[in-house]
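Coordinate-derived values only; no laboratory data. Computed from a prediction, not measured in an experiment: that's the story for all the values here. A quick note on method: Cβ atoms are made from the backbone with ideal geometry, for glycine too, and the neighbour counts reach across all protein chains shown.
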Amino acid sequence: MAHEKKQLLRRLESAKELSRFMADYYYELNEAALSGKQKIAWCTSVGPAELLRSLGYLIYFPETHAAMLGATRMATEMIPTANAMGYSPEICSYLTADIGAFVKGITPLSTAYKGISSVPKPDVLVYNTNQCRDVLDWFNWYGDKFNAPVIGIQSHRSVGEITESHIASIASQIENLVAPLEQLAGRKLDMDALKQAVALSRECSDLWAKCLATASAKPSPLTFFDATTLMGPAVVGRGTLQAVKTYRLLLDELLERVAGGKGALVGEEKFRLYWDGMPVWGRLGMHSTMFAELNVNVIASTYCSSWIFSALDSSDPFKSMARAYTELFIARDDTYKEKYIQSKLEVFGCDGILYHNARTCPNNTNCLYGMPQRLFAKTGIPFVTMDGDLNDLRCLSDEQTKTNIEAFIEQLEEMK
Amino acid sequence: MVAVTCCGPDVQPAIPAPTYYLKSSNMSKAYSTEQSIYAGVDVGASHTKVALIDTAGHLCGHGVRKSGVNFSATAEMCLADALHMANCTPDQVTHTVSTGYGRHNVTYATGNQTEIGCHAKGCYFYFPEAITVIDIGGQDNKIIKLDSQGRRISFKMNRKCAAGTGAFLEEMATRLDIPLSDMDGLARQSSETVKIGSYCTVFSATEVLKYVRQGEKVQDIIKGLFASVIRRVLEMDALTEKVVMTGGVVAHNPYLIDLFEEHIGRVIMTPPFPQLAGAIGAALYAKANQTSDNE
């Protein structure tokens, strides 16, 4: 008899609905790109999606495509092509993987979704530098390639307290996008449509926040690794009713698990960890299994919470969008970040924290300026640092990661 | 070098220190075939180490070989060497814990622990107080901080780069065309240290080539390499407690410990067999497992 693998993790039924959402999303984009019936805007993941939506654009997010390159472990084969073109191995491996794949004429979409052979051609590229400057370089390359306009928002970085001047400057930049986007779309902005998109985006965000909050239950019904894929609609579907419907289903299932005392782990949840930084997309399955085998659940993260936009307010679309985009964790200063993580550790009842030191994403890495040591001094919650990367598997050692994690769990056991 | 090889006067070691220095012929006398023993196997990137301890915690045999490409076979051979030294039979090994990168390749192991845990346990056994353990291994370096109860407070491993590890010194020995075993003696003859600043092994090699071209003495270059290893380790973490050093690199290059002491201005403690610290820790885990099995 064949040896049966022990089931370590419980699958979420509603994940199928989320997968369907993603398939519909990409097929709709592909159809629009082929028929030319609807304009396509490329947008950074925390760019002004609500505005684009209300002007009738379909939105494609290159970051999600780059994450797919990572998750399918294609990225490491694509990155060298971009490196050879002058994009350093030290910069964003989303950028290098995505551009490398484009140059090679390869996309994971064609494997995942039959009939799609390429990424959809943009009519316009709209960026927001609230995450990093790399997105602008990335979009400029494509703008040049497709001869399409590149417009966007230059955000404030390392923001401490958010002031009215921060909001005013971002809101006016968003408003300044309206005229060129109207011209390209061939239609005027309907303020009611914008308000509706902002309202739906807020609803999607609130539902996603509630889904993530269920992980405070013991045992947690959710793992970080599940959340990284379940967050797809929150990223690409902001401002759509379908994304809202999808998260209602997910929330119901998670609440049902909580009510039934069912955790995401089949076995005992001995320890609960917080993950700071990006996931290692090419190792989602491996890491998920590794932790589950150790009876550890990584229950919460900074990364998955980055698509919670509680400031969105349909009665004041431009200013509330400006606030929501500026409140983003990655755009804040270390004092804010430290307090944020500290509160999450408390809310989720974490026994430890794992900092992913992503080689090519210093913007999404929070262990480079002494934060782990400061937070440890404040909370007494132990930490471990993992060297790796979001997409470039040349930057990580699976053996060292395994030893680090296992040793960390041994340490938690000793401290119990 | 100030060799501190055992606990302070107010703390009695669980085993008398001289036991560790017994020759194999002497070791064999104490062990009858009925006595249970515990094995620790540390399959490192460079060498595999086996330590055997008895129910009283005495080290009764050990074996060290290059890990090679067949970890399972090497672990078997090291066990055979250790059993021979202890004059024991395989049947006497009640529990075996494996550790190190090849820990899952030890077919006769009954459990496994990470090398972080085993080095910590092995060092705390000799120095039962709050300590910082620095292990310089073939492939990686570790800094482990323990509280006075022997519990791990934190640990760090070096990043992917091999600079500061045994692999770095091996690479440099090749570049300088000298046997690895000669490095310690040559470094001791140095009158001046050359500065090797890069934390990249490849860049360090080019620095070495520059010094060769300039006609610097090999002894001074090697001392410079030792100083470079020390700097790489000190960059990893702050040393807050008493310091214990372990690993094959310090076992074979004790002058490195002298230089380290000079550098940090503190006495560094070393267990009697620095290279065996992880294996002894693993054997102690094996013994502890046996104890818990019997409870």
Item checked: Proximal charge balance of A:L12 [Cβ under 10 Å; K/R count +1, D/E count -1] -> 0
Check: Residue separation times 0.36 nm, minus the C-alpha to C-alpha distance between A:Q242 and A:L34: what's the value?
Finding: 72.6 nm
Next item on the list: Within 10 Å, count the other beta carbons around each residue, average over each peptide in B:225-232, A:152-159, and list them highest first.
Entry: B:225-232, A:152-159
Check: Which residue, chosen from A:Y94, A:P120, A:S110, occupies the Cα position most advanced towards the positive end of the dipole of segment A:1-125, where the dipole is computed from +1 (Lys, Arg) and -1 (Asp, Glu) charges on Cβ about the Cα centre?
Finding: A:S110
Checklist line | Hits among aspartates and glutamates - C-alpha to C-alpha of A:K344 under 14 Å, sequence gap 8 or more where chains match | finding: A:D276
Next item on the list: Within 10 Å of each Cβ in peptide B:149-159, how many partner chain Cβ atoms are there on average? Round it to a whole number, please.
Entry: 5
Margin query: Just checking the output field for B:111-120: average partner chain Cβ neighbours within 10 Å of each residue's Cβ?
Written below: 4
Item checked: Chain lengthening between B:A80 and B:D177 when straightened (0.36 nm per residue, less Cα-Cα) -> 31.5 nm
Item checked: Charge dipole magnitude, Cβ of K and R +1, D and E -1 - segment A:15-415, Cα centre, debye nearest 20 -> 720
Item checked: Inter-part distance where segment B:81-156 and segment A:346-403 are each reduced to a Cα centre, Å -> 25
Note to self: Step by step: find N for the protein assembly as shown, compute 2.2 N^0.38 Å, then divide the Cα radius of gyration by it. What's the final number?
What the structure shows: 1.09
Margin query: Modelling each spin label as a point 7 Å along the Cα-to-Cβ direction, I'd like the A:V266/A:L8 distance in nm, to one decimal.
Written below: 1.1
Notebook entry, point to check: Taking the Cβ-Cβ separation of B:H252 and A:Y340 as r and a Förster radius of 41 Å, what is the calculated FRET efficiency to the nearest 0.05?
Noted result: 0.30
Next item on the list: Compare the Cα positions of A:W281, A:H166, A:S54 along the charge dipole of the protein assembly as shown (+1 at Cβ of Lys, Arg; -1 at Cβ of Asp, Glu; about the Cα centre) and return the one farthest towards the positive end.
Entry: A:S54
Next item on the list: Run down the lysines and flag those whose C-alpha is under 25 Å from the C-alpha of B:K217, throwing out any fewer than 8 positions away in its chain.
Entry: B:K195
Check: If you wrap a convex hull around the Cα atoms of segment A:15-415, how much volume per residue is inside, in Å³?
Finding: 128
Next item on the list: Would you check segment A:14-165 for Lys pairs whose C-alpha atoms are within less than 19 Å, ignoring same-chain pairs closer than 8 in sequence, and give me the count?
Entry: 7
Check: Normalised by the number of residues in chain A, what is the relative contact order in percent for Cα pairs under 8 Å and 6+ residues apart?
Finding: 19
Check: Across peptide A:283-296, what mean number of C-beta atoms from other chains lies inside 10 Å of a residue's C-beta?
Finding: 0
Next item on the list: Excluding residues on the same chain fewer than 8 positions from A:K337, give the lysines whose Cα lies under 18 Å from its Cα.
Entry: A:K378
Next item on the list: With +1 on each Lys and Arg Cβ and -1 on each Asp and Glu Cβ, and nothing else charged, work out how big the dipole of segment A:166-278 is about its Cα centre, in Debye to the nearest 20.
Entry: 120
Margin query: Students often get this wrong, so check it: of A:K218/B:K156; A:K195/A:K339; B:K145/B:K223; A:K402/B:K121; B:K49/B:K287, which have C-alpha atoms separated by over 22 Å?
Written below: A:K218/B:K156; A:K195/A:K339; B:K145/B:K223
Notebook entry, point to check: Which trypsin sites (Lys or Arg not before Pro) does segment B:33-81 hold that lie in a coil by DSSP with at most 11 other beta carbons within 10 Å?
Noted result: none
Next item on the list: Place a +1 charge on the Cβ of each Lys and Arg in segment B:129-270 and a -1 charge on the Cβ of each Asp and Glu, then give the dipole magnitude about the Cα centre in debye, rounded to the nearest 20.
Entry: 400
Item checked: Beta bridges per DSSP with both ends in the protein assembly as shown, % antiparallel, nearest 5 -> 40
Note to self: Considering the Cα positions of segment B:241-281, please state its Rg to one decimal place and its Dmax as a whole number of Å.
What the structure shows: 10.1, 29
Check: With point charges of +1 on the Cβ of Lys and Arg and -1 on the Cβ of Asp and Glu, referenced to the Cα centre of segment B:129-270, which listed residue (B:V267, B:Q219, B:A167) lies farthest in the positive direction of the dipole?
Finding: B:A167
Next item on the list: Give me the compactness ratio for segment A:173-223, meaning the Cα radius of gyration over 2.2 N^0.38 Å.
Entry: 1.81
Notebook entry, point to check: Rg (Å, one decimal) plus Dmax (Å, integer) for the alpha carbons of chain B?
Noted result: 19.2, 67
